[in-house]
Amino acid sequence: MQLMLVGWASSFSAGTAWARWYDVLSMERPVCGPARVTGIGLLSLGPGDRVLDVGCGTGLSFPLLLAHVGSSGAIVGVDASSSMLAVACRRIDRAGWSNVTVHAGDAAQLAALVGRSGSFDAALFTYSLSIIAGWEAAWALALVRPGGRVAVVDLGLPMGGGRVWWPLARLACATGGADPYREPWRLVDRDLDRPVEYRLRSGHIHVAAGAVRHVYGPDERNN
């Protein structure tokens, strides 16, 4: 297991106590976990694939991703919080995963952290783009090969009859530092081919994915 420390981001940095209890307090099993599984499934991963996990947190996605890519694949996680990554490192060490590495640093500077354009087969953003300060700069399409897939799983405000849960949804987002009005899943429809989107929990959670069209140059803008 490898932890690389790079300059800290202005994005959300979890405290030690919060990081230690994140897997429970985030309602992963009853609420967030099923959407995570759906998002990873939409990446269409296979053995040997290399996946970038942006905002990997405590590493909750790692075992799910490894179930698809196997021992011949690789997972690279990035997060701004040293406390969250400390939990992720313990998870990696306990499982003995030699093909999972994590980098601590600003997700808006991914190229400097994790490598060259087109070096990944897929990228995953689970509950991260609504938190990251420079969230559109963290939209790392250039790092994924043409045809590779990108998935976004993130929080918004419930829709329709679910609007009665707005106070709780806002509280949940505020507790985790998420902006429920950002709607980062819209980037998938804007920038990727063959986009798909699912709304779970009355729209409190959105899952979207699509395929990268081409390798983006360093000066290109996604518009």
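The values are calculated or read from the model by the stated rules, or taken from the named source; none is laboratory data. Here the structure is a predicted model, which is why all the values come from computation and not from measurement. So basically every Cβ, Gly included, is an ideal-geometry build from the backbone, and we count neighbours across all protein chains shown.
Quick notes
- Options Gly39, Gly77, Gly59: the member that is part of a helix (DSSP H, G or I) and within 21 Å of Ala178 (Cα to Cα): Gly39
- Cβ pairs under 8 Å, 6+ apart, first in the stretch 196-223 and under 19 Å from Leu42 (Cα atoms) and among the aromatic types (Phe, Trp, Tyr), second modelled with pLDDT of 60 or more and part of a strand (DSSP E or B): Tyr198/His206; Tyr198/Val207; Tyr198/Ala208
- Looking only at residues in the stretch 99-138 that are under 24 Å from Ala35 (Cα atoms), surrounded by fewer than 20 Cβ atoms within 10 Å (Cβ to Cβ) and not hydrophobic (A, V, I, L, M, F, W, C), the one that is modelled with the lowest pLDDT is Gly134.
- Ser71 more than 14 Å from the chain's Cα centre (by Cα) and under 19 Å from Val150 (Cα atoms): no
- Residues (crowded, with 19+ Cβ neighbours inside 10 Å, modelled with pLDDT of 75 or more and aromatic (Phe, Trp, Tyr)) located in the stretch 164-223: Trp185
- Restricting attention to the stretch 139-153, the residues that are out of contact with any Phe, Trp or Tyr (no Cβ under 6 Å at 6 or more places or on another chain) and either modelled with pLDDT of 90 or more or of a type in the set (Lys, Arg) (or both) add up to 9.
- Residue match in the stretch 9-16 (condition: among the hydroxyl-bearing types (Ser, Thr, Tyr), modelled with pLDDT of 50 or more and crowded, with 17+ Cβ neighbours inside 10 Å): no
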